[in-house]
Amino acid sequence: MTDPSLTSPSGTPLRSPNASLTLSFPFLREGGRVWEDGKEQPLPRDLPSPLPTKRTRTYSATVRAHSGPVYKGMCKNFSRSQGHGFIRPSHGGEDIFVHISDIEGEYVPVEGDEVTYKICRVPPKNLKVQAVEVKITHLNPGTKHETWSGQIISS
């Protein structure tokens, strides 16, 4: 298929390719998972988190974390609605991120709860760490604690 009106800078006529072109990811295609007719693009808050949760952590990272030492600390804050919080290590240092999927036990942690935890590096650069296998060892007295099922208990 040659179009005589189109020529290259060298003067040769330009031709269309014989095979049809197909676009692949990251280009949007009709009927693909990325784009569906009538739906809006996902907002950044709707995109999956890059942090490895208990469900998405690799087997090797899980084994390394499980075989590591147990540390003690205190819950600095935790938001059940946001699904994460921070632990202040008892030995000092930077606060450590904790994801909701890494908390073991029946209570939602609150500020001041004493916890034990292990450490897991956060990919891709493995420079930061997050707490895993978090267990509440002592409930903060005088605070209300909520179970995962929603029951409120005063300690």
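For segment 80-93, enumerate the residues that are at pLDDT below 95 and either under 18 Å from residue 66 (Cα atoms) or of a type in the set (D, E, K, R) (or both). Result: 80, single match.
Within segment 86-132, being of a type in the set (Gly, Ala, Ser) and more than 24 Å from residue 59 (Cα to Cα) holds for 90, 92, 93, 112.
Restricting attention to segment 56-71, the residues being in contact with a Pro (Cβ under 8 Å, 6 or more places away or on another chain) and surrounded by 11 or more Cβ atoms within 10 Å (Cβ to Cβ) number 2. On the given criteria, is residue 101 part of a loop (DSSP other than H, G, I, E, B), at pLDDT below 95 and within 30 Å of residue 152 (Cβ to Cβ)? No, not satisfied. A residue that is of a type in the set (S, T, N, Q) and modelled with pLDDT of 95 or more occurs somewhere in segment 116-131.
Conditions tested, residue by residue: (1) in contact with a Lys or Arg (Cβ under 7 Å, 6 or more places away or on another chain); (2) hydrophobic (A, V, I, L, M, F, W, C); (3) not in a loop (DSSP other than H, G, I, E, B).
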position: 62; (1), (2), (3): no, no, yes
position: 65; (1), (2), (3): yes, yes, yes
position: 74; (1), (2), (3): yes, yes, yes
position: 78; (1), (2), (3): no, yes, yes
position: 93; (1), (2), (3): no, no, no
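A quick yes/no check of all residues on (1) surrounded by 18 or more Cβ atoms within 10 Å (Cβ to Cβ); (2) not charged (D, E, K, R):
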position: 78; (1), (2): yes, yes
position: 90; (1), (2): no, yes
position: 93; (1), (2): no, yes
position: 104; (1), (2): no, no
position: 107; (1), (2): no, yes
position: 112; (1), (2): no, yes
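The values are calculated or read from the model by the stated rules, or taken from the named source; none is laboratory data. No experiment lies behind these values; they were computed from the predicted model shown. So basically every Cβ, Gly included, is an ideal-geometry build from the backbone, and we count neighbours across all protein chains shown.
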